[in-house]
Structure formats: structure tokens, C-alpha cells
Amino acid sequence: MKKLIASIVSSAVILSVSQGAQAFTPESKQPIKLMVADWTSMLINTEIMNIILSTYGYNVEKVIADDSARYPGFEYGDLHIALETWQTTQEAALASSIKTGKVLDLGETGMHAKEDWWYPLYMKERCPGLPEWKALQDCAAAFATADTAPKGRYLSAPVSWGGNDEERVAALDLPFEVVHAGTDAGLTAELKAAYERKAPIILWVYEPNWVSKAFEGEFVKFPANTPECTSDASWGPNKDATYDCGKPEGWIKKMGWAEGETIWPCAYDMVRNFKMDNATISDLVYQVDVEGKEVEDVAMQWARDNEKTWRSWASCAAN
Amino acid sequence: MIKAMRFAMHTPWLVFVLLVLVLFAISSNSVSLFGTNLRSIPEFMILPLSDWAGNALNWFAREASIGSLTVQTITRNFAELVNWPITALNMLLADGIVTGAGFNKHQLMPPLSWLGLSSALVLYSYFLGGRRLAWLSAIGTAYLVFFGLWQHAMTTLASVIMCVIVAAGLGLFIGIASYRAEKVEIASRVVMNVMQTVPIFSYLVPTLLLFGYGPSAALLATVLYALPPMVHATVLALKSVPTEIREYGEIAGSTKRQLLWKVELPAALPMLTVGLNQVVMMSLNMVIIASMIGAGGLGYDVLRALRRLDIGGGLEAGMGIVVLAVILDRITQAAARRQSAGLNHEVRSPRPWLYLLIIFGATGASFLLPALQFWPEKMMLSTAPFWNESISFINQHFFDQMEALRNFSLLHIMNPFRDFLVELPFVLVLLTLGGIAYVLSGIRLAAIVMGMTAFIAVSGFWEAAMISVYLTACSVVIAVLIGFPFGVYIASSPRLLKPASLLLDTLQTLPTFIYLLPAVMLFRNGDFSALIAIACYAIAPAIRYTIHGLRSVPESRIEAAIMAGCTPTQVFRHVKIPSAYPTLLLGLNQTIMMALSMLVIAALVGTRDLGQEVYIALTRAETGNGIIAGLGIAAIALISDSLLKAWAAKKQHQLGVKP
Amino acid sequence: MTNASVLEMNLAGGHLSAPAATQEARETILSVSGLWKVFGASEKEFNQANGTQLSDEEFAAHGWTAAVKDATFDVKQGEIFVIMGLSGSGKSTLIRSLTRLNTPTAGLLEIDGQDITHATPDKLLELRRKSLGMVFQNFALLPNRTVESNISFPLEIQGISKEDYSARAQELVDLVGLRGREDHYPAELSGGQQQRVGIARSLATNPKIWVLDEPFSALDPLIRNDLQDEVLRLQATLHKTVIFITHDLDEAMKIADRIAIMENGRIVQIGRPEELISAPADDYVKRFVSKVPLAKVTRVKHIMSSASTQDLPGPSVSANDTIAEIGPLIIDAGTDIPVTEDGKIVGVLAKERAIRVLAGARD
């Protein structure tokens, strides 16, 4: 409801502004299918791209798909553009999908992905030595619950996210039991409950995300994740095991259906030019996830405030 | 001694022998068969079923073709076709006609005004069910409007309407075919039984492969889920048309088609309406899951609210679903009652033009008064902060007590029970189940039950299946322990019947997701939270059947007992309970079915059972795993269903009563 | 006969049914010979097993049930033929064979000289649409249709125009006395009213053969009596060929021209009511009819002799009256009582004969 009121009002206000765009005719009326997945930054970035493409007259559809389940969709043209592909979880899958020749790497967004073990700051008092990972070896009991004691309880992400935490615990000799949440919300729900009681917790957090803005805390410092860490047992503190390091961090890329390049070259150009940074997106995500605003409103507000920026991405449509 | 003998006669002795065997096998590690340890399933027996299913489906969705058309082209075009009416309904009810998007978005026509639609609904409710139903509709729609849920409720309604139309049409078609040919009936019954027990997540991925992402895939998945009750009701309704009416149709000189459409179906209408009611409720159950693959609406609101831990917001949106469900349920029930109680020439539906006038009048007025189009945000109500505060309050003040409860249950009951089940040698499980089936029914049932058990074993999901059994069993015990006494209490106080039925409807239609998160906050991720969520959902049939069973004990039997000098307790123990026994067993069966259907949802709090396997397969788009793990759940459901039904049938036979 | 002419056929007028003597001359409408209905057996299996010679035990050994055994009879134009038997005697199955709601296992069934046993579906449809009307025990009204719409249903499905079938339905509503309730639904009517709808409906196409399957069994005794009179009244004007099933001997006696009594699938006797009483074929029939007063079933026409003179003194009786009805009159009458029909003397009733009947003497 709010969404429509907003768009009616905004369309009235912006009617004059958008005159410039009317001159541009898209290459094809065929709908461009933007992938939407279940985390907020993806929703916001996709909505921003939706606003940009729609403004230039493209026919846009949003299609809901799962993070890891997207590749067949892209290869068969069910999905055309994704604004976020995280190196942390999707690197290998993206690479192998690109090898089919049916999928394009459309460049980095400028956002930086990081995910790892995370704890609220008040846990520092109970486990001195944090954020160094070695501290966990001695104060696991501070993180224990009745069913894991004497081991600590580490709340990992849903099983489907992967993450190799079981291997990490073994390789680094951490006296922890890995418990998997079922969903993203399950993770944060438990964090919120513990945070309210200042109760012990250590869990998987990813960035960009609103969690680090809503709760005070920090990442554990593990040995840096390198390609060797996961392939070469002799690398790192444990000479006989892989995964003796933290989780990977890195780029967040845009990807696209290769054939789409020939259908909507200018739209693909705009996607390639799209840039976003961690601070901005974290703020937008916070507005949605904590302040409870609608994704559409937040994206539209950003588009209004940054019209110059995104119009510059659309240089191919400007003449 | 005599008592013991009677006990042995009533309860299949074989069960005990086998149980002893089981215990024996556990205590000794030396038991072996064909050189393999009985404890674990030998490697060579595990077949790559998942790969086969996955490859077959991928082939079907990608390569298979009929003539020069690939299956995918056909299904995609079909999806496109289905998309049209969904879009049209959405325009009419929720979005209005909008052109362009982004900065160029214009609304050409508003959607139908809430005032018009709700007034028309209240008028129709009054015609169908009198003042009570009219009030219910009025309060329900007012809730949707004032809590700002109207537009998304209409999106949901649009997809429910489409789904009901398609499912009812398809169900009618299959039902008629089954009614006409016994072979079709047998085939469709088997397929429907499996379909009802395979979790919907299992067929989401194949549906997506075939029909692409978007509302039509969501629609079709929902249709698959809601279809069985319609087929069932159609066959039953047609079979229960009095023979004389059918003969009359023939004597009057009806052709086969006239007989069906002009005689049999109209005469079967009351029962068909009951089937329709089921379809509506099932579709609404699926709303949340459908919104995960692109249906939007209230289900999406719930998911979104929960993602930001706004439990109150999720609850409000969830209650929106409940409101829709209750209104639709009561209206279809009133329609069914009107049909079966007999039509009355004096009660005529108000003229269609009156409805149109109300709807379009209000919509026209909404051009002048935008509040008639969308209720202004400033005047909306919300109770969300209250609920969020409540949960926080409980969390901060009562966590220790709850944690103690959780720890005790986990450490002393649940975990040992889980380990026991997981350690059970599969051969003995196979033989025990087969033995029970043989004693209850015969060799045929034993073969079926053992076949399904063996299927789970060779699928490679044995351990996950046993964890599923453990979770289900624990939840069912809790549901029955709470539900049975509650049902007994309600059954004895008729004044509570109506409010109780509203409560039960709420429990069954309120998306379970909503109590998953508070459960996680208070009981952490893991089995205990899953247990609570499953038990909350499965308790409804436990209560419902208890009430039904106790209330349908023949009055004369109770009077006879009272005249014989029984105290109320004795009446309860010696008359009511034995009479209601078969119904209670069926209630237990239904409770188990509900619990099993919740396993997949419970995976969202981090269980390690078949539900989790299905869920992982869904997120990773592993078609084969999803289907085989889903069939594993179906197999557990069918085993328990057939055993309990056989038991209930046996009891029924002994007591000479019908449930 | 075209659809239109069905509608044009007039309902009113006609004569009282003719004396028994002339019935023999009328043409046979329905002819049944050697009809068997054996559940569980196909025609071929039945013939191979030489079914007509089997005993009940032998049927059971095959897993078959013989519901109708070797039924043979003719029904004449305008006759009321009652099939009577207790439940399980096979009368219901027999009627369903005659209407081809089931397929006879063996035997021949002819309507108007045409073989119906092997009729094609099309021919069967035609037969049902034009020549058969049936009334059911439990009314079998369509619950979703009003009285009028129920009555016009058989016409509607033949594709007759709405105007025509509405007009016809109106006539029938009047005929069965339901004026004012045309727009009621079945659930709003009493049992008796519902069966009136059933009767009107079965007459909608003006069928030649009118089948009534225990039409009044589900009704209260008083209403049953009214409707029996109603059927006699209608028959007096419409002259259908009526096949009437009942388990109630009084009802059979009251309305039948001829009665077939069935026992265990077999027709044990066919005859006029007074014949069954005066000359029961076996003990079964004898036990059955033993309680029926002869005077209640014997009609004047059955025992009168032809008139030799036109000027007999004293009050006259009607040929169709039962002897019981005219009892008081006989006491006061002279030796010979004139029998009149339409104001003319058609015969003479001997007082002594009549008194013998009244006294229950069975010759």
C-alpha cells in the first residue's frame, strides 16, 4: 500500500524530471529479468537498477531466485541480471557458470563482502584475548550451553550456505560445537535475544548487513583466507589440515545472461557502470531492516538523491 | 492374570516379541546377517536414487519433446498463459492499472476500492449466513484495512482465487474421471496420497524448472498441494448421489454428459462445496511458501517482517492471512450448508447489479477521496511494538526458566531418544514394522510397509529419516498431552465450542514461520525450537478429533450408562473413551500427518532431518535430492498412516462403531 | 412423434376404463418372455452354464445371484399392471430390467413390438425420451431445481424451447394441484407434495408407459391413500399403460387391473385381484391374500352378467364399484341389481352372488 502511494506521488513529482529520458527508445521491449534473492542489500540494489532501467523505458521484471540456485536460470535465460554475486560463497560456481559461455561477469559493484565468526563486544570481558582466534581455545567455556558444555557453542549459518565451519573447528583445534541455524533470521533472532540479556554468543555474521550497525561487536581475527589454505594442508597454523584460516572475503559482482548483451546492449552498459559502496548500502539496509521502511521507498529516495550519479551510468542512453 | 490374558489378546503379541528382539540386537553387537552388521545399512544397498531422479527430471525439463515441441516450450507457454489472469486479477484487486515503472510510473486506474469490496462482501455474507457472518466479514475486512494490510491481502486473495479455480477445475476433472473408471480411481488415489505427504518444497524445484520463476510457478505448486482434497471430495460426492436420482436422470433420457452436468454434479453440490472449502484452506496454508517463489502478498510481508525480527509485524501480517482464511472458510461453509439444508425460494441472492453498483460506486468515489483507495498510512493501527516488547520482556525475565526446561528436555529425553532411534538396526525396524502390519491387517499391508521402509534405507537417507521420526514422535507426544485434555474439556462445555473452533482455525492457518522466530529467541536454534513449532501446528487436529470423537458418542449409550449407575468419571472411562476410540486414533493419525508436514518448515530452525535435506536441496536446486528426501517423508507418513488406519479399522470392527 | 406433437397432445377428456371383457382385445404394449437377471454373470457365462436350469445353490456356487428368474408376461395398452412382492423378491430388479436401467442376462423384452433387450444406446435414449416415464420411491427430485424446473427437466434436456417446456410445466403443475408452489425447492415441500412433483415430472413427455416404483411407500398412510386416488384419477383421463410396483397388497388390490406376485425372483401368479383371492396358485399366494376381504377387491364388473332387459327396477350400481362399497345397497335391493355406466344399463348383478362375495365365500 505504502509502495503505491509513494510511487503515485513520486511519479507526479518526477514527471517533469523524466522528460529527458523519454527521448531514449530501448533496443527491445522484451522484459529484462532482474534476479531478486532473500537478503536486503540485494533487494535494494535490484530495486535501484529497476528504477534506472524502467526510467529509460525498459520493460523490467523481478524474478525471485535463490542465491545458489540461480545458475541454471541464468544459463537458460530465465534470469538476465543479478546485481550481487558474492565471492565469499559463489566464486567457484560463478567461474564454472561463466565457462559455459552462457553467463557474463559484469564487473564488481565496489561493495566488499566479509563474513566470519563474530561476537558482541561485551564478550571481550569474558574472553580476554579476543579478537585473536587463539583466545577461543582457552575460553570456550564462556560460550558453552548445557547441551554443548564443556565445549563452546558456535552458531553457524544455514547448512545450505556451506562455510566449512566443522573443518575450521577441527583444523584450528577449537573446543566448539558447530550448531547450524535454519535461516538468516534464525541467526539474528538468537543474536538479538542474547544481546538483550548480555548472554554469551558467537556466531556467523556477514557484511554488508545491518547487524554490525544494530549491535556492537566485532569479527574474530583468524589467519587470512588464501587459496592455499583450502587446498594445501601444510599451509597455516595446522600443518596437517586445510581450512585452518578464516572465511574468505572479497568482491561482490554483477552477472548477466550472455545473450542479453546482444538484446539490450545499453542496459548491460548501465549494469556494468553500476557502483555502490559498503557504507551507503549498510545505511540503506538499516533503513529497511531496522527502521522498517519499504525497499521501494528507500531505493526511490536514493535514486532521487543521486540522480546525477545514475544518469552518468546511462551515457549510452543520453544522446 | 485374566487381565493380562485379555491384554495379550487385544494387543498383537508379535509386537512384543519383536520389541524384545530389538532390545536384544542393540545390546549385542555380534548379530550379523549375510556377513554384514545389522546395525548399519551396507554400502552396496544404497542406490543413487537421487541422481536418477535428478537426471530424469532435468532431461524431462530440458530435453524431452513431444513431436518438434520441447516439453519446456509447452510448459513455459502454459505458464505465460496462466500469468494473464493472475495479472488481471491483481490489477483489479490490488494494483490498479499502472504503466511504466521507476521514474515513469503512472497509475491509470486505481484498483477496486476497499470500501466497495468489503461492503459487497458484508452484503453477500448477510445473504448467506445472516447477521453473524456479516459481522465477521465486517470486522475481518476492517482489520485488513486499518492495519494497512488491504493491498497485500488482495494480492494474496488474487492468487488464492486463481489457485482455487484451477485446483477445483482440475480436481473436478480428475475426480470425474476417477468416478467413471475404477482403474483411474486407484491410480489417482495412490498419486494423491503421495502428493499430500511429499512436502511442497520437494516439488518447488521441478516446478521452477518447468514453469520458470514467478507467480505461475507459485500458483502451480500450490495447485498441486491443494488438489487432493478436491479430487477426494469429487469422487465421494458423486458416489453419494442417491442411486434413484441417477436412475431418474437416465429414465428422463439424459445423455451421458447431461447426466453428469445436469443431474449428478448439481445433486453432489453440497459435498463438492465442502471440497472447495478444503481447497481454499489448503491454498491459504501455502501462501507463505508460494511467496518464497514469487507470489508476493501477505506471505511476503510475513517473511520480510521476520527477516528484520519484527515479530509483531509478522504476526499482524500472519493474522491477515488468518482473517482471509476464516472469512473464506465461513463463507464457503455457509454456502455448503445452504446447499445441503435445501434451497429456499424466499431467500434469493441480491441482484448482481447491486454488488457492481456498490463496488464501482466506491471505486469511482475513490478518485475524489483517495482514502477510499488506500487507507492513509497516518491513520493505520499497529500492535507490532507491543508484541515485540512482550517477546523481549519474556526473553529478559524468564529466559533462565525456559533454558532450564529446554536443557532438561534435550539432555534427558530428546537426545537419548534420538540416539536410540538412530542406533536401531534397520533390519529390525523393517521386521518390526512388517510384523505390526501383518498382525493388524495382513500380508499385503506388511509387504507395502516393508517396501516403503526399504525404500528409505536404499535412498541413503536412513539417519535423517530416523531423526525425522524422533522429532515427529516427540512433537506428537506433546501435542497429544496438551491437546487431549484440552479437547476433553472443550467437549464437555458446549459454550466453548465456537471460540475453540476459531482458535483451532487460527492455529492451522497462522503461518508457522511466525512462531519459529520467538521460539528461536527463547529456545535457541535447534531441535527444541523445532519441536515447539511442530507441536503448535500439530495440536489442532489432536484437539479437533478429541472434541469430535467425544461429542459423537451416541446419547443413548451415555444415558444407559447413567441409568446403570455410573459416576461421570466411569461414564467417561467406560463409555465415552471406548466409543470414541477409533476417532481418537484417526485424530492421532492426523496429528502425525500434520507434524510430518511441518518438518520442512522446522528445518528453518536448524534441524538435521529429512526436512533439512529437502530444504537444502531446494536452496541448492538439487532436484533429485529434494524429491527423494521428500518421498522419504512421504514414506514415513504413509507407513504410519496405514498402520494407524488399520488399527482404527480393527477397533471399529470390534466396537461396531463408525468414526 | 415429434416433440411439438407431444406437447399438443391433450390431457383432458377420455373415458372410464373399459370392462374387463374388452381388455383382451387390446394391443400388447410390453412383452416379456423368459427374462432372467443374474448378478455376477454375463449373458455368455449364463448360457454356457445352462443357467435356466440352475438351482439357487448352483447359482451361489458360481458366485451369482439370480434376482429375476424366467419372467414372462404381457402388458396391454391402458392396463394397470401391478408387480407385487416383499422386499428381496426381485420386483425392483425386474422393473429395472424393463426400463433397461440394468441389462437382462437372458430373455426377450419387447416394447411396441420392438426388441429392447439389445437396443443401441441411441435407441434406448429415444425410448426413454418418448415412451417411458418413471416415478421413484424416494422421489428422486433434483434438489437444486424448483418444482417447475424439475417438471420441465425431461423436456429441457431434449432441447425443447423454454417457452414450450414452461407452458407444459404449467399445465402439469395444475394437473397435480401444486399451483402456487412452482418456485419452491424440493426441500421446502412435504413428502406428498414432492411425490406429486415426481408424478407430474414423469408425465411431462406424455409417455406411453408409466412406471411407478413403490411410489407411496415412503409416505404416511393418509397421504398414501390420497395419492393412490390421484393416480387412479389421472389414469382415468390419461389411459397410460401403467406398471406399478408395490409391497403393499391393499394398494395392489386397490389399483390393479392385474397383479403379478413375485417370490424369490420368480413370478408365482398373474391374475386379476379377485382371481388371486379366489384361486391362489400356491400356498405362498394363499397365505398372502388370506386376510383380504373378497368384497374389497371384487368389482361389480367382475361378477355381473350381461343385461337382458333395459328396465330393471330399483337403484343401480356402477360397473367399477367394489362389492364392499355397495354393501348397504345390496341389502335393500331386489334379486337383480342394474349395473350402469354413463347412464346406460350395461349388465345385471345377481344379489345372491354379491352376498356370497360379501360373506367372503371363496369358490
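A few remarks follow.
- Calculated FRET efficiency for the pair B:LEU405/B:ILE46, C-beta based, R₀ 35 Å, to 0.05: 0.35
- When shorter helices are ignored and each DSSP H run of at least 4 residues is given -39500 (n - 2.57), the per-residue value for chain C at 222 nm works out to -10000 deg cm²/dmol.
- Interface residues of region B:136-185, defined as a loss of at least 30 Å² in heavy-atom accessible area between the chain alone and the complex of all protein chains with a 1.4 Å probe, are B:GLN151.
- Chain A: most fluctuating residue of A:SER234, A:SER41, A:SER212 per GNM, C-alpha cutoff 10 Å: A:SER234
- Helical segments meeting 24 Å axial Cα length and Kyte-Doolittle -1.0 threshold in chain C (DSSP H): C:221-238
- In sequence order, region C:211-216 has phi-based couplings of 9, 10, 9, 6, x, 10 Hz under the Karplus curve 6.51 cos²θ - 1.76 cosθ + 1.60, θ = phi - 60°, and Gly or Pro positions carry x.
- Placing unit charges on the Cβ atoms of the charged side chains and taking the dipole of region A:113-231 about its Cα centre, the candidate lying farthest along the positive direction among A:TRP204, A:ALA194, A:LEU155 is A:ALA194.
- Amide H partners (placed H, <5 Å) of A:MET111, local residues excluded: A:ILE252, A:MET276
- Share of carbon and sulfur in the accessible heavy-atom surface of region C:216-261 [1.4 Å probe, %]: 52 percent
- Set of lysines with alpha-carbon distance to C:LYS291 below 26 Å, sequence-local pairs under 8 removed: C:LYS91, C:LYS254, C:LYS301, C:LYS351
- With each label modelled as a point 7 angstrom along the Cα→C-beta vector, the B:ILE186-B:LYS498 pair spans 4.9 nm.
- Count of Lys pairs (Cα-Cα under 27 Å; at least 8 positions apart or interchain) in chain B: 25
- Note on C:SER190 and B:LYS378: the model spin-label points, each 7 Å out from Cα along the C-beta direction, lie 6.8 nm apart.
- Relative to the current alpha-carbon distance between B:GLN654 and B:PHE173, full extension at 0.36 nm per residue lengthens the span by 169.4 nm.
- Region B:461-659, accessible surface, carbon-and-sulfur percent (1.4 angstrom probe): 65 percent
- Between C:ASP74 and C:ASP229, the FRET efficiency from the beta-carbon distance, with R0 = 22 Å, is close to 0.20.
- Pairs of Lys residues in region A:113-231 are counted when their Cα atoms are under 14 angstrom apart and they lie 8 or more places apart or on different chains; the count is 6.
- Accessible area of region C:76-226 divided out per residue, in Å², using a probe of 1.4 angstrom: 34 Å²
- Rounded if a/c under 1.5, otherwise prolate or oblate - region B:93-206, Cα gyration tensor axes: oblate
- Residue-level accessible surface for B:MET281, protein heavy atoms, 1.4 Å, Å²: 30 Å²
- Eligible aspartates and glutamates near C:LYS123 by straight Cα distance, threshold 16 Å, same-chain separation 8 or greater: B:GLU250, C:GLU110, C:ASP112, C:ASP115
- Residues whose placed amide H lies under 5 Å from that of A:LYS33, excluding near-sequence neighbours: A:GLU61, A:HIS80, A:ILE81
- 12 Å Cα-Cα reach of A:LYS29 towards aspartates and glutamates, excluding residues that sit fewer than 8 places from it in its own chain: A:GLU61
- Peptide-level mean, for B:250-263, of C-beta atoms on other protein chains within 10 Å: 6
- Highest-first arrangement of B:562-575, C:92-105, A:89-102, B:45-58, where packing means the average Cβ count within 10 Å: C:92-105, B:45-58, A:89-102, B:562-575
- Portion, in percent, of the accessible area of region A:128-233 that falls on carbon or sulfur, probe 1.4 Å: 52 percent
- Inter-chain shielding of C:124-134 (mean C-beta neighbours from other protein chains, 10 Å cut-off): 3
- Translational diffusion of region B:151-347, µm² s⁻¹ [Kirkwood Rh, Cα pairs; Stokes-Einstein; 25 °C; 0.890 mPa s]: 135 µm²/s
- 1.4 Å probe accessible area per residue over region B:493-647, in Å²: 34 Å²
- Shielding of A:53-63 by partner chains, average beta-carbon count, 10 Å: 4
- Gap separating the Cα centres of region C:320-339 and region A:62-118, nearest whole Å: 109 Å
- Comparing C:GLY133, C:GLY159, C:GLY88 in a Gaussian network model of chain C where C-alpha atoms under 10 Å apart are linked, the largest mean-square fluctuation is found at C:GLY159.
- Antiparallel DSSP beta bridges within the protein assembly as shown, as percent of all bridges there, nearest 5: 60 percent
- Springs between Cα atoms under 10 Å define the GNM used for chain C, and in it the highest mean-square fluctuation of C:SER55, C:SER31, C:SER166 occurs at C:SER55.
- Taking amide hydrogens as placed 1.01 Å from N in the peptide plane, the amide H of C:GLU263 sits under 5 Å from those of C:VAL268, each at least 5 positions away in sequence or on another chain.
- With the simple spin-label model, which puts each label point 7 Å out from Cα in the Cβ direction, the A:ASN59 to B:LYS256 separation comes to 4.4 nm.
- Antiparallel bridge percentage (DSSP; both residues within chain A; nearest 5): 55 percent
- The B-A contact accounts for roughly 5200 square angstrom of buried accessible surface, both chains included, probe 1.4 angstrom.
- Accessible solvent surface per residue of region B:125-264, calculated while the other protein chains remain in place, 1.4 angstrom probe, Å²: 39 Å²
- Cα gyration tensor, chain B - rounded (a/c under 1.5), prolate or oblate: rounded
- Our summary gives region B:461-659 a relative contact order of 29 percent, counting only alpha carbon pairs under 8 angstrom and 6 or more residues apart.
The values are calculated or read from the model by the stated rules, or taken from the named source; none is laboratory data. These numbers were taken from a predicted model, which means no experiment stands behind them. In this analysis, Cβ positions are derived from the backbone assuming ideal geometry, glycine residues included, and neighbour counts consider all displayed protein chains. Heads up: the accessible areas ignore ligands, DNA and RNA and are worked out on the full protein's heavy atoms, side chains in. Shrake-Rupley method; radii C 1.70, N 1.55, O 1.52, S 1.80 Å.
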